[in-house]
Structure formats: C-alpha cells, structure tokens
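Participant: Below is one structure. I have some questions about it.
The values are calculated or read from the model by the stated rules, or taken from the named source; none is laboratory data. Since the structure is predicted, the reported quantities are computational estimates derived from the model, not experimental observations. In this analysis, Cβ positions are derived from the backbone assuming ideal geometry, glycine residues included, and neighbour counts consider all displayed protein chains. Just so you know, the surface numbers come from the protein's heavy atoms only, side chains and all, with ligands and any DNA or RNA stripped out. Shrake-Rupley method; radii C 1.70, N 1.55, O 1.52, S 1.80 Å.
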Amino acid sequence: TVGQEITVPLKNAEGGFIVGAETLKRIEGEGQVAFRYLDVNPNGSLDDIAGLTNAGGNVVGLMPHPEHAIPDTPDAMRSGTDGITFFTSVLQSALARA
C-alpha cells in the first residue's frame, strides 16, 4: 500500500539514481517513484529513490532485492518476509489491471 514500509536486503552501495532536475520533477509529478530508501540512502540516489515505474506503470526497476527477503529458501542470504509482501502486491496489482 502507499506509504507502507518494507525491509529488504541491499546487495551493494552502487547504482544510485541520478537524473537532471527537470526529469526528477517530471517523474515525481507523474507518480513514477515506487520505492524510497528510509533512514539510510546507501548509494546517494536523488530524493532517496530506490525504485521507479515506467510511464505506463507496468514495469518497475529497483535497487533493493526483495527476492532475498523470502524465508525457507536455499540461499543463506535470504532473510525476513517482506519479499513475500512485495511480490504479493505485484500480483494483486497485475490482477487488478487485467
């Protein structure tokens, strides 16, 4: 939901989101910011942006790794359960658009 906080692992501190002032204003104004870092911005992304949607809202790109926050998986780096919340919301959103 809008404003919901989730915790997902970061894998590095590279890949900060950087654009010009006009582009930043446009994507903020068009509601394309899907995720923001909270408390810590590990890579200097402008406006704490951690994930964006495309103009159509059907593609999301993000730096954090929700796939590593799913319990009971063979990867030892996986921890927490907010990855399930993330992917469930993706499916619910897709079904609502269908």
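Participant: Taking the Cα atoms only, what angle lies between the long axis of helix 82-97 and the longest principal axis of the chain, rounded to 10 degrees?
Facilitator: Between helix and principal axis, roughly 60 degrees.
Participant: If you don't mind, another one. Please report the projected area of the chain's Cα convex hull averaged over all directions, in nm².
Facilitator: Its average projected convex-hull area is 6.9 nm².
Participant: Residue by residue through the stretch 63-70, which ³J(HN,Hα) values in whole Hz follow from phi under the Karplus form 6.51 cos²θ - 1.76 cosθ + 1.60 (θ = phi - 60°), with glycine and proline marked x?
Facilitator: So the J values, rounded to whole Hz, are 8, x, 10, x, 5, 9, 10, 10.
Participant: Quick one: Karplus J couplings for the stretch 4-9, per residue in order, coefficients 6.51, -1.76, 1.60, θ = phi - 60°, nearest Hz, x for Gly and Pro?
Facilitator: Going residue by residue, I get 5, 9, 10, 10, 9, x Hz, with x marking Gly and Pro.
Participant: Residue farthest toward the positive end of the dipole of the stretch 28-98, with Cβ of Lys/Arg at +1 and Asp/Glu at -1: which of 31, 61, 91?
Facilitator: Result: 91.
Participant: Let me ask something additional. Could I have the simple spin-label model distance between residue 11 and residue 23, label points 7 Å from Cα toward Cβ, reported in nm to one decimal?
Facilitator: My value for the distance between the label points is 2.3 nm.
Participant: According to a simple spin-label model (label point 7 Å from Cα along Cα-to-Cβ), what is the distance in nm between residue 43 and residue 88?
Facilitator: In this crude label model, residue 88 to residue 43 measures out at 2.7 nm.
Participant: While we're looking at this one, here's another question. Ignoring everything but the protein chains, give the 1.4 Å probe accessible area of residue 70 in square angstrom, nearest 10.
Facilitator: Approximately 40 Å² for this residue.
Participant: Next question. State, as an integer percentage, the relative contact order of the chain based on alpha-carbon contacts under 8 Å between residues 6 or more apart.
Facilitator: Relative contact order comes out at 26 percent.
Participant: When the helices in the chain are scored as -39500 (n - 2.57) per DSSP H run of 4 or longer and the sum is shared across all residues, what 222 nm value do you end up with, to the nearest 500 deg cm²/dmol?
Facilitator: -8000 deg cm²/dmol
Participant: Non-local amide H neighbours of residue 49 (under 5 Å, H modeled in plane, Pro and chain starts lacking H): which ones?
Facilitator: 37
Participant: What's the carbon and sulfur percent of the chain's accessible surface, probe 1.4 angstrom, rounded to a whole number?
Facilitator: That fraction is 56 percent.
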